[in-house]
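Nothing in this text is a laboratory measurement; each read-out follows from the coordinates by a stated rule. These numbers were taken from a predicted model, which means no experiment stands behind them. All Cβ positions, glycine included, derive from the backbone under ideal geometry; neighbour counts span all protein chains shown.
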Amino acid sequence: MSYELRVNGVEFEVAAPGMRRLLDVLREDLGLSGTKEGCGEGECGACTVLLDGEPVVSCLVPLCQADGHAVRTVEGLATAGPQGPVLSPLQAAFLEAGGAQCGICTPGMLMSAEAFLASGADPTEEAIREAIAGNLCRCTGYTKIVEAIELAALGRGADTAPGA
Amino acid sequence: MTITTRPGPATPVSPAAPSPVRLPRAGELARGHARGAPLRREGPAKLTGTALYADDLVFPGAWYGATLRSTEPHARLLGIERDADFDWSRVVVVTAEDIPGDNVVSLIIDDQPILVPVGGEIRHQAEPVALLAAADRDTLREAKARLRLRTEPLAPVFDPLVSSQVFAHFDMGKGDIAAGFAAADLVVEGTYRVGHTEQLYIENQAMIAVPREDGGMTVTGSLQCPYYVHKALKRALALDSERAVVIQAETGGGFGGKEEYPSLLAVHAALLAQRIGRPVRMIYGRHEDIAATTKRHPAIVTHRTGVTREGRIVAQEIDLVLDGGAYCTLSPVVLSRATIHAGGPYDVANVRITSRAVATNTPPNGAFRGFGAPQAEFAAEMQVNRVAEALGISPLELRRRNIYREGGVTPTQQVLRESVAAQEVLERAAEAAEFERIRERTARERAARTASARTARGIGLALGWHGAGFTGSGEERMGSVASVELTAEGAIRILAASTEMGQGTKTIFPQLVADELGVPYDAVEIAPQDTSIVPDSGPTVASRTAMVVGGLIIKAARRLRAQVEERTGRPFAESYLHDAQTWGGTREDERFEPYPGVHFDDETYTGDAYPAFGWACAVAEVEVDLDTGEVAVRSVVSADDVGRVIHPVLAEGQVEGGTLQAVGYATIEEIKLHDGRYLNDRLQTYLIPTAVDAPRIDAILVEAPFSGAPHGAKGVGELPMDVGAPAVVAAIHDATGVWIHDLPASPERILAALDGHEPPGPPGISA
């Protein structure tokens, strides 16, 4: 079978069994190894990607379910610049606040955070923690991740202010 | 773009260096620094998904490897039988007899085999017996199911208290213990137990072995200690140093769990790769990782404490037993740290501490952040809090009367000459958390509580210490080397085997060297952790990287600077490019020299057990659900003396992360066992705290520098792990009035204590 999906804005046609995990399609077939596997059973959130803007754990999504849909991964966050990729405000906030340590949960964490920011929800500490509750981090104690998302939310607010 | 791909062997993806990543421009949010300190060096790669962890590396033509394990806790291996109906030509199987070198993963003693030989003894449920490799995962899975072990069962031992096999034991103390108890007005006794816990790095263990053209082997993987793996590889494959090469891939967390196990996994991958003559990938799934790799040692600690009416502790008698599991691994060293820290940070005149690490038929236990100290200090702090209750003295005040100060003498007869910050961390944490004020409030709430109350709030405090770096003469024996070079091309490069696993090595090392040389942070490079490139700087463990290896590279940089300035007559920063062009490259290797005035006697086990100690205090606030026994940890204030803060954001990150691991240890993390096997060996059943479970953590960094290190740093990684759990359990007591003696303080244990029932079975013991 062949399936069509749009990944980070690029159309792909993937010939693979329909029950192949989206995670494996991304990592092995498309060479997008930024998305990580931590448990393979939907508990850790390391493989979180956005499917039509909604965070999903790609280890539990079969390829057939992504057919015809838009997938966004960590590779789709930074934008192209003349001298190479430019970090998104969310990525920059993680870098400055210390939200990434070992980095293995980071791609999934960023995608959950991106979905939260895009939702326009009020970025209270409680709401942020709830938004990333499905993404386990063993390094940070979450403090600096929450700070980073708050920081990015403030920046995003400024972007949409008049004149921005 | 449209591409058509097929599953199967992965499409080769070039593991080329990622292109440079830029921060957003001014006005696009970025400040370009982390509170005045440099940004994490490898941060952009991690944030864009271009950092390459072991499983992200593509080696064309690689096969997949798997491990066949025992399923019994104790047995004699009689044979390994292959199903005759299976086509074995598509698979390679390696057993003990195929090992070219010694069949041993050596750490301290040579007891653990790489693979159990036929006729040999199986000593735990997850013991590797045979290795398999195939070109695809399906064939591999099928082949593994077609191998059978023939065994003869032997009687297992699960209870460390009845085990007769002792890996190590200690008996240390000072003063006159009988006289101490004679002088006491009150004697308090208690036994505390903790079970196995899992490091739970989010990246599972992973190794890829690639045969070399020179007949040797290159292994790339997730690891903390390149030279431990190097040593194991050389011995197992009978290779010389040059033909065994170990490279660290980006590593997704370690916490001690990637100190020793990577040696075994690397050898497994290498044996298969050598046999097939092509790369072999061994990437564990979560289930295998939890089932087979090392855990924190369970411990049983018994205290007897004599105290005067005025609150002066005059006698401590402590017995500590660690369950080492089936093989020795690092247990003697874990035991020594546990023993030395067992009394807590208190200057007691009369002390006797006995301890032993014993064997059981469970998978070997090993390094996990704190390395024996969290177990020992949980018991010590429980005991001190119970003494405070028995005396009717505030836990804060009781500590003030007993803590180490400069000139204090430890149980190894170490005189604490400098850098003693017990009081400072105690006062800073207590003040920031408003300990006494909130304690008065929770006492009033407790007194006014009626039977219809549904929740109870409490506050608790714990104090701890953590010996900086290796115990005793470990550092001297290791003789670590680290280097700084000015290349002929004018690059400044650090050469050290210290690994980055999230804690910040790749950021703080260039910081230290840049400061010493007076050049910008970005001008200093760090060489890859590849044994063919960097010297043996020792393992990345024991919170030693910033203090010990950081000290070495500062000294190397200092010598480099002096050389260049002598040749050019100008400041280094202005002249090093010219110096390199004129004179070519200069490399300064710095070997560890014992710190001035620090001596330890291995024979009598007395003297300076550590060059210095770090000090920490945690104050936790909890809310206990009186119906369900569930604990919500609301906040933790942790004050940690790290000697000198090199990077505030990274150091705070260590304190916050260590504190949450301690909260998990206190409340939810527990491996349950049946017949010597871990029952909750997956992430659905072994729980760690989520962002919603995590308290607000307030890290306070305290600086009491150690004069022996050129920069004063004492390390930060393990310190916060020592104090979080006893603070949380003290807070549960403050809320409910019951003491939970065993970790974790699970709802089952709390409800049993509230109802006056027998608690569920002790942690760490197989049913």
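Summary table below
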{"read-out": "Whole-Hz ³J(HN,Hα) from phi, Karplus 6.51 cos²θ - 1.76 cosθ + 1.60, for segment B:649-657, glycine and proline x", "value": "5, 5, 5, 4, x, 5, 5, 5, x"}
{"read-out": "Ranking of B:H230, B:H341, B:H268 by count of other Cβ atoms within 10 Å, fewest first", "value": "B:H230, B:H268, B:H341"}
{"read-out": "Three-way shape call for segment B:562-659 based on the alpha-carbon gyration tensor, with the a/c threshold at 1.5", "value": "oblate"}
{"read-out": "Cα pair distances of segment B:91-237 binned at 5 Å [whole percent]", "value": "2, 6, 10, 13, 16, 15, 12, 7, 5, 5, 4, 3, 2, 1, 0"}
{"read-out": "Choice from A:P85, A:P123, A:P17 with maximal GNM fluctuation in chain A (Cα, 10 Å cutoff)", "value": "A:P85"}
{"read-out": "Cα gyration tensor category, rounded, prolate or oblate, for the protein assembly as shown with a/c compared to 1.5", "value": "rounded"}
{"read-out": "Antiparallel %, DSSP beta bridges [both residues in the protein assembly as shown], to 5", "value": "80 percent"}
{"read-out": "Percent of C-alpha pairs per 5 Å bin, segment B:126-185, short to long", "value": "4, 10, 12, 9, 9, 9, 9, 9, 6, 5, 4, 5, 5, 4, 1"}
{"read-out": "Theoretical FRET efficiency, 1/(1+(r/R0)^6), r = Cβ-Cβ of B:R567 and B:D214, R0 45 Å, to 0.05", "value": "0.75"}
{"read-out": "Fewest-first ranking of B:S483, A:S58, A:S33, using other Cβ atoms within 10 Å as the exposure measure", "value": "B:S483, A:S33, A:S58"}
{"read-out": "Extension gain, B:V162 back to B:E142 (0.36 nm per residue minus Cα-Cα distance, nm)", "value": "3.1 nm"}
{"read-out": "Segment A:2-76: translational diffusion in µm²/s, Stokes-Einstein, Kirkwood Rh over Cα pairs, 25 °C, 0.890 mPa s", "value": "208 µm²/s"}
{"read-out": "Residue (of B:A430, B:T50, B:P747) at the positive-pole extreme of the protein assembly as shown, dipole from beta-carbon charges", "value": "B:T50"}
{"read-out": "Fraction of alpha-carbon pairs over 18 Å apart in segment B:94-158 - percent", "value": "48 percent"}
{"read-out": "Distant-in-sequence amide H partners of A:A15 (H built 1.01 Å from N, under 5 Å)", "value": "A:Y3, B:T5"}
{"read-out": "Global geometry of segment B:174-258, whether rounded, prolate or oblate, following the gyration tensor of its Cα atoms and the 1.5 cut on a/c", "value": "prolate"}
{"read-out": "At q = 0.14, 0.15, 0.17 Å⁻¹, base-10 log of I(q)/I(0) for segment A:79-155 (Debye sum, equal scatterers on each alpha carbon)", "value": "-0.40, -0.46, -0.59"}
{"read-out": "For chain B, the spread of Cα positions along each principal axis, largest first, Å", "value": "77, 74, 60"}
{"read-out": "Nitroxide proxy distance, nm - points 7 Å out along Cα→Cβ at B:D176 and A:A80", "value": "8.4 nm"}
{"read-out": "DSSP-defined beta bridges in chain B - what % are antiparallel, rounded to 5", "value": "75 percent"}
{"read-out": "Lysine pair number, Cα distance threshold 17 Å (strictly under), the protein assembly as shown, separation 8 or more or different chains", "value": "7"}
{"read-out": "Least to most buried among B:T471, A:T106, B:T455 (fewest other Cβ within 10 Å first)", "value": "B:T455, B:T471, A:T106"}
